[in-house]
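Structure, as structure tokens:
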Amino acid sequence: MSDFVKASKKYFRPLIVLVLRWEARLILKKYKPKIIGVTGSVGKTSTKDAIYEVLKNSFLVAKSEKSYNSADIGVALTILGCQSAWYSILGWLDIVLHGLFLLIFKKQYPKWLILEIGVEYPGEIKQIVKWVKFDYVVVTCLPDMPVHVEFFSSPEEMRKEKMLLAQVVSEQGKVFINADDKNVAPFLSGLKAEVVTFGLNRQADYVAEAVGVFYNEDGYFPAGLTFKLEHHGKSLPVKIGGVLGEHQMYPILAALSVGDVLGVNMVAMIEAIKDYQPPSGRLRILPGIKKSVILDDTYNSSPAALLAALKTLGELKVLKRKIAAIGDMLQLGVYAPEAHREVGRKAAEVCDLVYTVGPRSKFIDEVFVEKGIGERVKHFDESQEAGQILQNEIKEGDVVLVKGSQSMRMENVVVEILAEPDKKEKFLVRQEKEWK
């Protein structure tokens with residue numbers, strides 16, 4: 001890391017955080033937008049983007065860009081309507097001037113803000129709710145083993161932190177809850193707001209039924225997700241191209257729930273969302289070399305998300321083999337060995353071949369060896385090397401799932417097996433020059 005970067009992190013960043021948060025607080029006070037908060041450990045960005053898709057034709061609405069969800073600077077950037085300037089001092093000064101411009105002059109400003117709220121460390125939600133008033137909150141999922149758990153005393157403590165966002169919503173607001181998430185139940189009695197539920201559970205307010213996959217004309221290239229939405233005795237078909245997996249149904253269902261409560265026509269929302277594309281690296285369907293199919297889930301990883309992705313792979317019809325390239329899941333602390341072994345058990349059940357990347361994923365390898373199928377797993381230290389070897393391994397009709405935590409850079413695997421690698425900037429995560 002250069003001396004400039006070190007200095008900017010130590011001195012400049014804290015100052016910018018203070019200034020931008022001060023500006024954001026005053027902007028909220030001046031323009032008084034309604035605010036929807038999206039939190040949870042899985043599916044926040046997809047849910048936030050889906051809510052935006054169903055609301056954008058009915059309201060003046062803005063959302064967090066990419067995954068700007070941090071308490072220190074991500075939320076403030078969204079309120080200002082700006083993207084990160086990374087290590088550009090002039091870029092950050094331009095953002096500060098933009099904030100001042102919004103404060104000094106009366107400009108058109110969104111009536112609704114959709115803020116993605118992430119948590120890495122204890123106390124982050126408590127910081128945010130001191131200066132942001134949330135009208136609606138959506139809680140996506142609070143799994144048994146959440147990502148970033150190594151910074152908390154237990155998974156339960158992390159769930160408490162996340163649910164604090166829902167607990168501060170007033171009686172006039174609403175909290176949208178995943179009815180299939182058993183870990184939410186202990187917190188419901190502490191909510192002041194009306195609770196709206198969504199999920200597969202028949203007792204939910206908004207129920208998804210007959211969740212499935214539709215395929216291209218050849219019957220083997222997965223093209224998207226289908227389900228039926230049940231609400232108040234009505235059943236409506238929902239079909240979304242380019243997205244797969246039962247767990248990917250939840251962001252869509254949550255978005256339709258929010259829009260319906262806000263009075264948006266349900267049929268119009270279903271039509272608006274049919275061509276919705278999940279953010280890059282969130283189980284997107286991409287064409288691979290040799291007429292293979294890539295399930296690109298490389299944005300990040302956690303036990304719940306990886307197990308859901310493997311479940312999706314297991315349920316697909318394929319011409320040839322089911323292959324997974326799996327990178328380490330980070331920030332799990334003492335829970336890492338067993339979390340990776342659990343993934344190994346699921347992968348052994350689903351996959352014909354597995355490529356693992358990183359030191360923690362060796363626990364996945366151990367499971368394969370113990371089951372007497374060690375020949376079906378190959379280990380690599382670097383993602384690019386795994387991609388280069390996989391490039392030669394792939395056959396026509398294979399379906400390849402690629403997933404790992406951000407730092408594992410598993411998008412490098414996808415680059416090597418993408419049918420059109422010259423379009424990687426369009427399809428893949430972390431292709432900006434700052435990441436390079």
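The values are calculated or read from the model by the stated rules, or taken from the named source; none is laboratory data. As the structure is a prediction and not an experimental result, all values here were calculated from the model. Note: ideal-geometry Cβ built from the backbone for every residue, glycine included; neighbour counts use all protein chains shown. The area values use the complete protein model at the heavy-atom level, side chains included, leaving out ligands, DNA and RNA. Shrake-Rupley method; radii C 1.70, N 1.55, O 1.52, S 1.80 Å.
Tabulated data for the structure shown
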| quantity | calculated |
| --- | --- |
| Efficiency of FRET from Cβ geometry, F105 and K371, R₀ 60 Å, rounded to 0.05 | 0.35 |
| Accessible-area value, Y335, 1.4 Å probe, nucleic acids and ligands omitted, Å² | 70 |
| Net charge dipole size for the chain [Lys, Arg +1 and Asp, Glu -1 on Cβ; Debye, nearest 20] | 1380 |
| Relative contact order (percent, whole number), the chain, Cα cutoff 8 Å, 6+ residue spacing | 14 |
| Shape call, region 76-140: gyration tensor on alpha carbons, a/c limit 1.5 | oblate |
| Relative contact order (%) - criterion: Cα under 8 Å, at least six apart; region: region 241-284 | 59 |
| K106 accessible area, assembled protein chains, probe 1.4 Å, Å² | 150 |
| Mean Kyte hydropathy of -1.0 or more with a Cα span along the axis of at least 24 Å, helices from DSSP in the chain | 13-31 |
| Local electrostatic count at L332 - Lys and Arg +1, Asp and Glu -1, tallied over other residues with Cβ under 14 Å | -4 |
| Reachable lysines, given that their alpha-carbon falls under 25 Å from the alpha-carbon of K107 and they are not under 8 places away in the same chain | K29, K30, K32, K34, K48, K56, K63, K66, K133 |
| Potential lengthening between I389 and S189 on full extension [0.36 nm per residue; Cα-Cα distance subtracted] | 66.7 nm |
| Descending Cα extents along the principal axes, the chain, whole Å | 64, 63, 42 |
| Relative contact order for region 183-274, counting Cα pairs under 8 Å that sit 6 or more residues apart, in percent | 20 |
| Rounded, prolate or oblate (a/c below 1.5 giving rounded, otherwise prolate when a/b exceeds b/c) for region 171-314 by Cα gyration tensor | prolate |
| Furthest towards positive pole of dipole, L390, A166, W435, structure part the chain, Cβ charges | A166 |
| Antiparallel DSSP beta bridges within the chain, as percent of all bridges there, nearest 5 | 35 |
| Per residue solvent-accessible surface (Å²) - the chain, probe of 1.4 Å | 44 |
| Candidate residues F363, F187: accessible-area rank, largest first, probe 1.4 Å | F363, F187 |
| Solvent exposure ordering (accessible area, 1.4 Å, most first) of E124, E156, E23, E217 | E217, E156, E124, E23 |
| Carbon/sulfur fraction of accessible area - region 8-165, other protein chains in place, 1.4 Å, % | 58 |
| Summed residue charge, Cβ within 14 Å of V168's Cβ, Lys/Arg positive, Asp/Glu negative | +3 |
| Area accessible to solvent at W92, 1.4 Å probe radius, in Å² | 20 |
